[in-house]
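Have a look at the structure below before the remarks.
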C-alpha cells in the first residue's frame, strides 16, 4: 500500500523500478526486525559490562559486589546472543552497536531500569522462561512504541524506518511472543517471507501480484468506484482511500482463494491506521456494494478457502 501510494504521488511511470523498490522495502523491514533483536542483546551486554565495572570500583558498595543479575541472566536474551543465525543476519545487514554503546544503549538502559515492569521483574520470586519473555513483551508494548528517542535513532539510519518503526516492533513482539524454551543457538530465525525456501514462494508471489495487478487495473477500478458513489465527488476522495479500495478490489477479482469477508476486514483495519477517521465507514460501505455487484455479475469467483 505504501509503495502504491508513493507511486501515485510521484506520478511514477517505471513500474518495474517501483516493484524492485517494493521488494527492497520488504528486505529493509526485515533488516529493522533483525536490528531490533540485536538491540535487546546489546542492552543485555551493556548491563553485564556495567555490573563488571561496578564490581571493580575503588570503593564498591554492597550492591556493586552482590548485584541483582536477573536481567543479564534473562534466558531469552542469552539464547539470542548465542544464536548463530542472528549473528549471520547481523553480518548480512551490517549491524553493529560498537559506536552507540556509550550514548544510545546507556540512555535506554537507564530508562529501562525505571520502568515499573522492569522493577517488578527484578524483584519477583518467579524465575522462569515465561517471565523472562514477558518482560520484553511488556517493554515493547508499553514503552518502545512511544519512545521518540528510539524512533529518531532508527529513522536516522534509514529513512524508510520512519514508516516502518511500528511494524518492526510488531514483528519483534510477534517473534518474542511465539518463542518457546526449545529455541537454542542453532534455531533458525523466521525468514523474510513465511514461504521462503518453497519451490514457489507464495508470500513473495502475493506481494508482487497484488502490487502489479492493482496498478494495472487502477483505471477500471476508478470507473467502478465512480459508478457506485452517491453524494460524493470522486476527486475529493482521499488518495489513500482510493488505493485501499483498489487493492481490495484486486483481491476480490484476482485472488480467488481469499474470502471476501477477510479482504474487507483487512482493508477496514488498514484504513483505521493510514487514512482519515471517516475512512473506515466509507471503505466498508463501498466494498460491500462492490462485492455484491461483482458477485451478481459473475466477476467475483472464489475457490477453495475463498468460498468460506
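The values are calculated or read from the model by the stated rules, or taken from the named source; none is laboratory data. As the structure is a computational prediction, the values presented were derived from the model and not from experiment. Virtual Cβ from ideal backbone geometry, glycine too; neighbours counted across all protein chains shown.
Which numbered condition in (1) touching a residue at least 60 places away in the same chain (Cβ under 8 Å); (2) in a loop (DSSP other than H, G, I, E, B); (3) closer than 30 Å to residue 14 by Cα is the only one that residue 195 fails? Here residue 195 clears every test but (1).
From the list 148, 164, 128, 213, the one residue that fits, being more than 30 Å from residue 103 (Cα to Cα) and assigned by TED's automatic domain parsing to the domain that holds residue 34, is 128. Counting only helices (runs of 4 or more DSSP H) wholly contained in the range 85-143, no element carries 2 or more residues that are out of contact with any helix residue (DSSP H, G or I) (no Cβ under 7 Å at 6 or more places or on another chain), more than 18 Å from residue 74 (Cα to Cα) and modelled with pLDDT under 95. Here residue 219 clears all of (1) touching a helix residue (DSSP H, G or I) at 6+ places or on another chain (Cβ under 9 Å); (2) exposed (fewer than 15 other Cβ atoms within 10 Å of the Cβ); (3) in the same structural domain as residue 243 (by TED's automatic domain parsing) except the condition numbered (1).
Rundown of residues vs (1) modelled with pLDDT of 90 or more; (2) in a helix (DSSP H, G or I), yes/no style:
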site	(1), (2)
12	no, no
26	yes, yes
30	yes, yes
33	yes, yes
36	yes, yes
70	yes, no
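Residue 306 - would you say it is more than 25 Å from residue 7 (Cβ to Cβ), more than 21 Å from the chain's Cα centre (by Cα) and loosely packed, with under 14 Cβ neighbours inside 10 Å? Taking the combined requirement at face value, the residue does not satisfy it.
Number of residues in the range 167-179 that are over 14 Å from residue 30 (Cβ atoms), in contact (Cβ under 8 Å) with a residue 12 or more places away in the chain and more than 10 Å from the chain's Cα centre (by Cα): the value is 3. Test residue 43 against the criterion of being in contact with a helix residue (DSSP H, G or I) (Cβ under 7 Å, 6 or more places away or on another chain), under 25 Å from residue 183 (Cα atoms) and not in a loop (DSSP other than H, G, I, E, B), and give yes or no. Considered against the rule, which asks whether it is in contact with a helix residue (DSSP H, G or I) (Cβ under 7 Å, 6 or more places away or on another chain), under 25 Å from residue 183 (Cα atoms) and not in a loop (DSSP other than H, G, I, E, B), residue 43 comes out as yes. Here residue 44 clears all of (1) touching a residue at least 12 places away in the same chain (Cβ under 8 Å); (2) closer than 20 Å to residue 190 by Cα except the condition numbered (2).
Residue 188 passes every criterion in (1) in a helix (DSSP H, G or I); (2) touching a residue at least 12 places away in the same chain (Cβ under 8 Å) apart from (1).
Of the residues 78, 158, 74, 110, the single one that is surrounded by fewer than 17 Cβ atoms within 10 Å (Cβ to Cβ), assigned by TED's automatic domain parsing to the domain that holds residue 42, in contact (Cβ under 8 Å) with a residue 24 or more places away in the chain and more than 22 Å from the chain's Cα centre (by Cα) is 78.
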